[in-house]
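I have placed the structure first, in the form of structure tokens, so that the comments after it can refer back to it.
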Amino acid sequence: MRTQSEPAPTITSNGKLSKMVGGGLGEDEEAQDAPGPLVFDDTDHHCRTLQALNMMRKNRHFCDVILHVGNAELHAHRAVLASASSYLFEMFSSEEETKGIARETVITYKLNGGFEKSAIEKLVDYAYTAKLCVEPRQVKAIYLAASYLKMEPVVQECARHLMENLLVDTCIDTRSLPGITRHKALVSQVDNFIADKFEAVRQTASFLALTCLRIELLSQTRQEMSLVGGDSVCQLALEWIRKQNESAGSDLDDLAEKDHMLYLALDNSLQDCSDLPSGDTNDTEMVQDYKKMSKKITAARTNRRKVPLQPAKPRVLYLARDIGEQPEIDESTDSILIATCKVSESSFQALVAFGSRLVSMSVTLRLNQPAATTPSPVATTPVSNSRAESQEKEQQPDMYCVMAHMSSVKCSSGCANLNEQLLVCGGYDRVECLKSVESYDPEWNIWATVAPMREARGRFNIAVVRGEVYAVGGSNGTTELDTVEKFNQETQKWTKVASLPLARSHTGVCNLNDKIYCIGGWNGQVGIRQCDVLDPDVGKWISIAPLQTGRYQAGSCSMKGQVFAVGGCDAWNCLNSVEVYDPETDEWSFASEMITARRGCGVAAFKGKLYAVGGSDGTHALCSTEIYDPDTKTWTPGPNMTTPRANVGVAVIGSRLYAVGGFSGKTFLNSIEYLDEKTDEWTTFMPKASSTSSSPFSASPTPSSKASMDHQFNFEAKTNGVNGQVSVPKTLQVEAQNGNSGDHEEEK
């Protein structure tokens, strides 16, 4: 039975009984009876939409853009073209912003970039159908048009097809395609193909039609000529051409107008014989004839007069919306030695790329024996065999090889001498801050991988105390760091130690009396004055007297019981001021100012003097150096490096001052160079080990040496293309190592 207070059940629309709760339907019952959402996934909708749009395009319904290609008109819808081409999207968007609500109903664009009509038609069809059917002979035209219009899926597919169908007769044309340098994978594959088949490629019509740069390289002995390798001499010649482009302003067409006679200078670089001083022992009649010829060509080029063009009849100038009117500029202008081969006993041929432009290079070795001295009228005495052998040995050409490159480009890394090896930690590689660590052995000319740091850090420096490496502060790419970690050689591990009192990057770091000094730096706003010192025995940072001028990116090192802070930047300005810290009085005082204001320079004590290396003056990366004499308390100019280097790392190993990586003003670097104590010049070459000792270029190190290296580091050795080289005279033992990257802004 039901009580009077119990509500009577009701019948719902579907005939089911429902209990009443508080005079209404229960929440559960109400939710169950509510209709569910209608879900309809029409998988054919996009196909029907494209088909409908394509039909409207063909019938010219609702079309709002016309593309003129030659004499043809292609009617289309801006929305469809913009969805397929980011280039057209940007152009149409700009048109909308310019015209606003008063924009035209139908806009006409004229394609003047040398596009083939059939290629544009195929791309428009692809935008409406998502399908592309192209004959093999049309693929390059489609690639060019799609690359310009930024239709990446089409570009990638065309690149794949070109690579799969690469032939000896077509590889040069494929490698010369405008914009190809933006597709690194395709470029690498084409370059490898050309290098593998270069003997056949250099005989094709496409190769023979390339601009040819002709170089003659003088040698003093026939033995020197016989030991020269193709890759070596061609790489040196390419370096010379690159410098002519950058410093002399000569373009490739100007350089191709004549044969260039070069000689090998003391700094292991090629120099033009027209600059050879008169009266030099190498200034032979052949060189003098070359000087005269060079003067005539230079004078003829200077006297060229540009005649102004006069209009033949009245003209009317008008502007139109054109696509592709301006020639495309390659994003990459790196010069790369793609392939070389030996043509005869004394001549080599090479293929070089400057961006997407290919040029051939011919290098011929010529004997240029210095004029013989007049023999003495005094009767000569017979020469003993031992003396003759000694004289013959003295006449042997010097053997050099190129210094191995780091595994990657980097600047603002930590550099130091650890067990007479160059240790390079972290840094910035134009994309991110690094935690990787590598070590360079000058004796073996190889790089080795060392255990990575606990966290990525760049814009910092390191110091070595009692065989342990301390990485201090820096940046992880997002924020400044206060963390400090140290590397133990026995455990091959990095461990965390006491943190800095203030997080900062671009600090000066050095070791004085087994204490680590952290000088100034950047806290995200200004150059700071704060300085701190860490005593590893105490394990705590203590603040010392602040700098008189807040600075970051200053070079720092210790010398004669004092700490030097050299140059840097205060907030906006590069500094040439120098401060010196005396730990006895806990005071900073100003020293003599540098000749050039510079930030991001490397500073090291070398041969009893202070060397400031490279850096930036705020506008350009510097290759200059300055030397401070603590006795005279003056700065004097030092020898220039071979390459400008801002945010460069430096370290002294033995009798050499090394400069590591950095930013050249155009590219980030993975190369190193050192100041040669004998010539007092910077060089990227090292003398070959004597034949009496184990060669650093043999297949594997000797057991004793390898065991010694393994004891210091647990690493995997990397030669970067150096092992296995054949020794050659002077500096002609070079491997084609193109570690530089495209153009980038200087790392701040």
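The values are calculated or read from the model by the stated rules, or taken from the named source; none is laboratory data. A quick note: this is a predicted structure, and the numbers were derived from the prediction, not measured. Reconstructed Cβ throughout: ideal geometry from the backbone, glycine too, with neighbour counts over all protein chains shown. Please note that ligands, DNA and RNA were not included when accessible areas were found on the heavy atoms of the full protein model with its side chains. Shrake-Rupley method; radii C 1.70, N 1.55, O 1.52, S 1.80 Å.
General remarks:
- Some residue of the stretch 104-126 being outside any loop (DSSP other than H, G, I, E, B), within 28 Å of Cys171 (Cα to Cα) and at pLDDT below 85: yes
- Here Glu579 clears all of (1) of a type outside the set (Phe, Trp, Tyr); (2) open to solvent by less than 10 Å² (accessible area, probe 1.4 Å); (3) touching a residue at least 60 places away in the same chain (Cβ under 8 Å) except the condition numbered (3).
- The stretch 534-564, subset of a type in the set (Gly, Ala, Ser) and farther than 26 Å from Gly467 by Cβ, residue most open to solvent (accessible area, probe 1.4 Å): Ser543
- Test: residue in the stretch 598-621 that is touching a residue at least 12 places away in the same chain (Cβ under 8 Å), farther than 23 Å from Leu675 by Cβ, hydroxyl-bearing (Ser, Thr, Tyr) and not in a loop (DSSP other than H, G, I, E, B): no
- Boolean, Ile194 is closer than 26 Å to Ala159 by Cβ, in contact with a strand residue (DSSP E or B) (Cβ under 8 Å, 6 or more places away or on another chain) and assigned to a helix (DSSP H, G or I): yes
- Residue satisfying all of: in the stretch 565-574; assigned to a loop (DSSP other than H, G, I, E, B) and at pLDDT 95 or above; surrounded by the fewest Cβ atoms within 10 Å (Cβ to Cβ) among these: Gly567
- When the stretch 490-531 is filtered for residues that are open to solvent by less than 40 Å² (accessible area, probe 1.4 Å), touching a residue at least 60 places away in the same chain (Cβ under 8 Å) and outside any strand (DSSP E or B), the ones remaining, listed by number, are Gln492, His506.
- Residues of the stretch 661-686 classified as open to solvent by less than 30 Å² (accessible area, probe 1.4 Å), assigned to a strand (DSSP E or B) and not aromatic (Phe, Trp, Tyr), total: 6
- Residue satisfying all of: in the stretch 442-489; outside any strand (DSSP E or B) and among the hydroxyl-bearing types (Ser, Thr, Tyr); modelled with the highest pLDDT among these: Thr483
- Residue count for the stretch 217-237, restricted to those that are buried (at least 23 other Cβ atoms within 10 Å of the Cβ), outside any helix (DSSP H, G or I) and among the hydroxyl-bearing types (Ser, Thr, Tyr): 1.
- Subset of the stretch 582-596 that is in contact with a strand residue (DSSP E or B) (Cβ under 8 Å, 6 or more places away or on another chain) and of a type in the set (S, T, N, Q) - its residue that is surrounded by the most Cβ atoms within 10 Å (Cβ to Cβ): Thr596
- In the condition set (1) at pLDDT below 90; (2) open to solvent by 70 Å² or more (accessible area, probe 1.4 Å), Ala79 is compliant with all but (1).
- Leu262 fulfils the conditions (1) assigned to a loop (DSSP other than H, G, I, E, B); (2) open to solvent by less than 50 Å² (accessible area, probe 1.4 Å); (3) in contact with a helix residue (DSSP H, G or I) (Cβ under 7 Å, 6 or more places away or on another chain) except for a single criterion, (1).
- Restricting attention to the stretch 439-474, the residues being charged (D, E, K, R), touching a Lys or Arg at 6+ places or on another chain (Cβ under 9 Å) and surrounded by 22 or more Cβ atoms within 10 Å (Cβ to Cβ) number 2.
- Put simply, of Leu53, Leu38, Leu74 the only residue that is open to solvent by less than 50 Å² (accessible area, probe 1.4 Å) and either on the phi > 0 side of the Ramachandran plot or not in a helix (DSSP H, G or I) (or both) is Leu74.
- Pair list, Cβ < 8 Å and 6+ apart or interchain, from the stretch 251-268 residues that are over 21 Å from Thr642 (Cα atoms) to residues that are among the basic types (Lys, Arg) and at pLDDT below 85: Asp254/Arg301; Glu257/Arg301
- Taken across the stretch 683-694, residues that are within 26 Å of the chain's Cα centre (by Cα) and modelled with pLDDT of 95 or more do not occur at all.
- Given (1) open to solvent by 60 Å² or more (accessible area, probe 1.4 Å); (2) modelled with pLDDT under 80; (3) of a type in the set (A, V, I, L, M, F, W, C), index of the condition Met20 fails: (1)
A quick yes/no check of all residues on (1) surrounded by 14 or more Cβ atoms within 10 Å (Cβ to Cβ); (2) modelled with pLDDT of 80 or more; (3) in contact with a helix residue (DSSP H, G or I) (Cβ under 6 Å, 6 or more places away or on another chain); (4) part of a helix (DSSP H, G or I):
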| site | (1), (2), (3), (4) |
| --- | --- |
| Ile172 | yes, yes, yes, yes |
| Ser188 | no, yes, no, yes |
| Glu199 | no, yes, no, yes |
| Ser206 | yes, yes, yes, yes |
| Ile215 | yes, yes, yes, no |
| Glu239 | yes, yes, no, yes |
| Ser247 | no, no, no, yes |
| Glu257 | no, yes, no, no |
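- Qualifying residue in the stretch 361-377 (condition: assigned to a loop (DSSP other than H, G, I, E, B), modelled with pLDDT of 90 or more and touching a Lys or Arg at 6+ places or on another chain (Cβ under 6 Å)): no
- Matching option when the condition is open to solvent by 50 Å² or more (accessible area, probe 1.4 Å) and farther than 20 Å from Ala339 by Cα, among Asn192, Asn165: Asn165
- Selection within the stretch 629-673 - among the acidic types (Asp, Glu) and touching a residue at least 60 places away in the same chain (Cβ under 8 Å): Glu673
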